[in-house]
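Data block below; observations after.
The values are calculated or read from the model by the stated rules, or taken from the named source; none is laboratory data. Note that the coordinates shown come from a computational prediction; the quantities given were computed from them, not determined experimentally. A quick note on method: Cβ atoms are made from the backbone with ideal geometry, for glycine too, and the neighbour counts reach across all protein chains shown.
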Amino acid sequence: MDQNVIDFVKGRRIAVLGASRTGKKFGNLVCTELKQRGYQVFIVHPEAQEIDGQPCSPSLAALAGQVDGVVISVTPGKAVEALREAAAAGIKNIWIQQGAQSPATAAAASELGLNPVTGKCILMYAEPVGSIHAWHRAFARLFGQL
């Protein structure tokens, strides 16, 4: 398994960018799943004060020193800015969720000296892995992609 994946899931305090007030974004699912798996989750939203009953932080800068990593589940255009904000806050372990990645995010992560995970779903790696994600993980392992 990739060292960046190992380092990321070892951290238990995770910020999530991409949860919405409507509750219909993948970021909301990530928040729920990670909490159920025992992670301490911090939702970052520039406008909402709370989402799903959980308080939000307005920025990654507000969480500097409080989190071990950040899951980015926003559009690629917003992801590049999120990477810059993470670097400025001293957050090195970054999970760029599928759909948020692009050549620009890869270049920015490298330029900023971050430890990104790309092309993988956090829910397949954050232990304990269950449900449909356990099947996905088994297939990934079978085909040498884990």
Considering residues of region 81-98 that are touching a helix residue (DSSP H, G or I) at 6+ places or on another chain (Cβ under 7 Å) and in a loop (DSSP other than H, G, I, E, B) only, the residue farthest from ARG13 (Cα to Cα): GLN97
Hits in region 17-34 - residues which are among the β-branched types (Val, Ile, Thr), more than 11 Å from the chain's Cα centre (by Cα) and in a helix (DSSP H, G or I): THR32
Output for region 51-64, where each listed residue is exposed (fewer than 14 other Cβ atoms within 10 Å of the Cβ), in a loop (DSSP other than H, G, I, E, B) and modelled with pLDDT of 95 or more: PRO58
